[in-house]
Amino acid sequence: MEIPSKYNPSETEGKWYHYWLENGFFRSSPNDREPYTIVIPPPNVTGVLHMGHMLNNTIQDILVRRARMKGKNACWVPGTDHASIATEARVVARLKEEGIDKSNLSREEFLRHAWQWKDKHGGIILEQLKKLGASCDWDRTVFTMDEGYSESVIDVFIDLYNKGLIYRGVRMVNWDPQAKTAVSDEEVVYRELNSKLYYVRYPVQGENEWVIIATTRPETILGDTAVSVNPRDKRFSHLHGKKVVVPMVNRVVPVITDNYVDMDFGTGALKITPAHDINDYEIGIRHNLEVIDIFNPDGTLGVKAEIFIGMDRLDARDAAVKKLTDEGFMVKVEDYVNKVGFSERTDSAIEPRLSMQWFCRMQEMAGPALENVMNNNVKFHPVKFRNTYRYWMENIKDWCISRQLWWGHRIPAWYIQGGNEFVVAGSPDEALKLAIEKTGNDKLQVSDLHQDEDVLDTWFSSWLWPIAVFDGIRDPENPDYRYYYPTNDLVTAPEILFFWVARMIMAGYEYRKEKPFDNVYLTGIVRDKMGRKMSKSLGNSPEPLELISKYGADGVRVGMLLCSPAGGDLLFDESLTEQGRNFANKIWNAFRLVNSWKTDDKTRQPLHSASAIRWFDARLSEVIERLDKLYERYRLSEALMLLYKLFWDDFSSWYLEIIKPDYRQPIDKESYKKTISFFDRLLRLLHPVMPFITEELWQNLETRSNGESIVIVPMPEPAKVEKKLLTDFSYAKEIVSSIRTIRAEKNIPRKESLPLLIKTNGITDIPPFGDVIVKLCNLSGITTTDRKPENAVSFIVKTTELYIPMEDKLDILSETAKIEKELEYNKGFLDSVMKKLNNERFVKNAPEKVIEMERAKKADAESRILSLQERLKILRQ
């Protein structure tokens, strides 16, 4: 069968992906087989494929494809997240381009635009995942604002509210002025900034004295309602109970005492702005201070600031510095490094702000979620993340779940006209019924109720993902939920361990009394080769689809996996995807070589081919055993390297080289048949990592029927491994490598056959796999001798001395120098071994097996040294 000389991924990938979809190989429904389930971390509906997605989904696809080939009923559920903040920002920006301002639209009009945008752009990333080869059950695709999913989210809100776990109240929240919404603590990213520390003096009322405070935010002085000192700080004891005048606005405020004040920070006196700092807010509650909110929702200064009204907060800072300086209140300015919180979504500096919000109590739900990770019921890979998880869960705070947006799940709270009362219900009719019960007013109408304007935090829907994708909230007895839940593996990034993973575990125990998944595989962050996080702003993030176009999906998958230890950051270099492409070409060329061989019924199987088959059979079984263990431990990168070396080194460089027939000669049928069988098993092992090229070649190994695919064939199982066979072949490989080195050093042509002599010390000892050595080294024969022949090059393998007679080809001086160098190395090696064996502490504490190994090394080194010394003695005669 003729196949092209070069592998062209663009000709095969689309063809086979269409074939897989057409034949429904990725579809799953409950049956009597063991399920294997993964739910995709839903990418933002606004998103396009980036390098993090490439890594994450490559790993998921490997696990799913392998499980499918292991006979499990594999189900990989895809979907997208509605991403409230990001999507609303995109839609607002798009409307702005069209000359439409969100503030001029009704909620219904805006949502109509948002749904149109989602319908147009929302499926892009899932289509891109298909290019990567993702074997999802696309019939099960879920969007977090699908009707059924949305009902599940609202049902959970109502349930938790009725349990007393959701409440409403005024709290200090993290406010994103760009998105004009509250965000949770976990959505705040802190960065160190080079700032300024401003020292400002406040006049003491009625006295010729000043109190100096230090602040990084002089614009917030406009909201000050007290100055606080530590009651133990004797420097300020004379000011207790007095008042000071706030600069710029001349507000008279009290001097209060509070143990929170750090006597060593700044001057020891602290300005208190309850509306704009969480710690000041707590102090304000303790001392019943006035709260003055000087900011508008967009971060500009409001009317309560009294001055700089309408000015952006950063511009107001510059204006405040100038005014304080001009009016003589500024004492000095110092450089200062401090941590500032930024919105994870918009990268806008967070503004602490008092706001009426909805919160979810977390402590009660955190208990089972912490216990079941720490007892290994839910396993983390790598395990180091358990400590990070425990710290967060033991210090968990209530979750601010409301967002001041329109795109998302609208909070099902209904306010009753004419008062502050509200009810929580899933529909206007249910709300009316509850409102009548609550007020006793049976004249109420639906028009008397107004639904809360806010939506729920996006994570409040995605924490239900493993349950809700199988409709487990609305219908916990349905067959899909009972069969697929709990899922098996979750593959995600450590940075959303708390946003998402922890909350899914909480939801699992709250609604099923069961974990949502068995294992959590935490990938690292994809960085460039300089260690910088990949980002479009830095211009260091390659376009994934361009990489696929250039190197093929299989090449990219291999490249991603080559640099991806679990939990460790990935230093991505495009040369890795090139290496992946080269590996695909190696596989292709190996198949072309085998495919070019002709068989002949009359050709007998050579001994070296029979030996090679026995060895590679054993080697294949050994690798399959090791692969199973590596996959069990989620060591996917190591598993790939093992497969890479198996195919490139063991199969291509050794096995094929041994059995390859002479030029234009046929190969015996038995060896060819066995080689095709090996190729079949190798392709199956490689398929989860490299799905496209393995399908293409598997289809070409023999005639296939329509509907057959490597996707659904069983993964090879290991046979019993003959360890001695593998040890013997390693010994033969060392001999072959040594002889090849001698040929190269002495410039002896490959076509010139050489004799090989083995020193036996009176015992006949032809090495195992002698027929293989003869074939690969073009030897005229292997014989034994009890002494070194004259004019021979010698070398040692293990403890055996071997010779190749050189006649007049031997250079005594260079041979002597070579042996002296080898002797020096072996003496140094023996010294290092003896240091261990002469160390009483080592001998006393090391396991017996380790000590035996060191003693064996000692014996081998001593034997080699003796042989080398003898060879030097002969050469110098």
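Remarks
- Those trypsin sites (Lys or Arg not before Pro) in the range 139-180 that DSSP places in a loop and that have at most 13 other beta carbons within 10 Å: 163
- Surface exposure of the range 702-846, expressed per residue as accessible area with a 1.4 Å probe, stands at 57 Å².
- Backbone N within the range 847-871 under 18 Å of label point (7 Å from residue 827 Cα along the Cβ vector): 858-871
- The magnitude of the dipole of the chain, with charges of +1 and -1 set on the Cβ of Lys/Arg and Asp/Glu and taken from the Cα centre, is near 3080 debye.
- Set of lysines near residue 443 by C-alpha distance (under 22 Å), chain-local residues within fewer than 8 positions excluded: 433
- Amide H within-cut-off set for residue 202, under 5 Å, with H built and near neighbours excluded: 211, 212, 213
- The distance between label points at residue 841 and residue 121 comes to 6.4 nm (points 7 Å beyond Cα on the Cα→Cβ vector).
- If you plug the beta carbon distance of residue 704 and residue 372 into 1/(1 + (r/R0)^6) with R0 = 56 Å, you get a FRET efficiency near 0.75.
- Exposed loop sites, defined as chymotrypsin sites (Phe, Trp or Tyr not before Pro) outside DSSP H, G, I, E and B with at most 11 other Cβ atoms within 10 Å, are absent from the longest region of the chain, namely 266-662.
- Taking amide hydrogens as placed 1.01 Å from N in the peptide plane, the amide H of residue 379 sits under 5 Å from those of 519, 520, each at least 5 positions away in sequence or on another chain.
- Normalised per residue, the accessible area of the range 1-133 is 44 Å², obtained with a 1.4 Å probe and no contribution from ligands, DNA or RNA.
- Overall dimensions of the range 730-877 by Cα: Rg and Dmax, Å: 17.3, 55
- Positive-end residue of 383, 18, 404, charge dipole of the chain with Cβ unit charges: 383
- Under 15 Å from residue 513, Cα to Cα: aspartates and glutamates that are on another chain or at least 8 residues apart: 364, 371, 477
- Selected from 823, 624, 691, residue furthest toward positive end of dipole (the chain; charges at beta carbon): 823
- Phi-based couplings in Hz for the range 357-370 (Karplus 6.51, -1.76, 1.60; Gly and Pro marked x): 9, 9, 10, 10, 6, 10, 4, 5, 6, 5, x, x, 5, 6
- Mean accessible surface per residue for the range 397-490, computed with a 1.4 Å probe while every protein chain stays in place, in Å²: 41 Å²
- Cβ-Cβ FRET estimate between residue 309 and residue 578, R0 fixed at 41 Å, reported to 0.05: 0.10
- Cα-projected label distance for residue 33 with residue 799, points at 7 Å along beta-carbon direction, nm: 5.3 nm
- Amide H to amide H distances under 5 Å link residue 792 with 806, where only residues 5 or more positions off or on other chains count and H is placed in the peptide plane.
- Taking each of 163/379; 724/788; 271/322 in turn, the alpha-carbon distance tops 22 angstrom for 163/379; 724/788.
- Anchor residue 827: aspartates and glutamates whose Cα lies under 13 Å away (excluding residues fewer than 8 positions away in-chain): 860, 862
- Helix-derived mean residue ellipticity, 222 nm - over the chain, DSSP H n ≥ 4, -39500 (n - 2.57), to 500: -13500 deg cm²/dmol
- Here's the picture: charge each Lys and Arg Cβ at +1 and each Asp and Glu Cβ at -1 in the chain, and of 525, 366, 466 the one pushed furthest to the positive end of that dipole is 525.
- Accessible carbon and sulfur surface of the chain relative to its total accessible area, %, 1.4 Å: 48 percent
- For the range 42-120, GluC sites (Glu not before Pro) meeting the loop criterion (DSSP other than H, G, I, E, B) and having at most 15 other Cβ atoms within 10 Å: 98.
The values are calculated or read from the model by the stated rules, or taken from the named source; none is laboratory data. Here the structure is a predicted model, which is why all the values come from computation and not from measurement. Every residue, glycine among them, receives a Cβ derived from its backbone with ideal geometry; neighbour counts consider all protein chains shown. Each accessible area value is taken on the protein alone, full model and side chains, heavy atoms only, with ligands, DNA and RNA left out. Shrake-Rupley method; radii C 1.70, N 1.55, O 1.52, S 1.80 Å.
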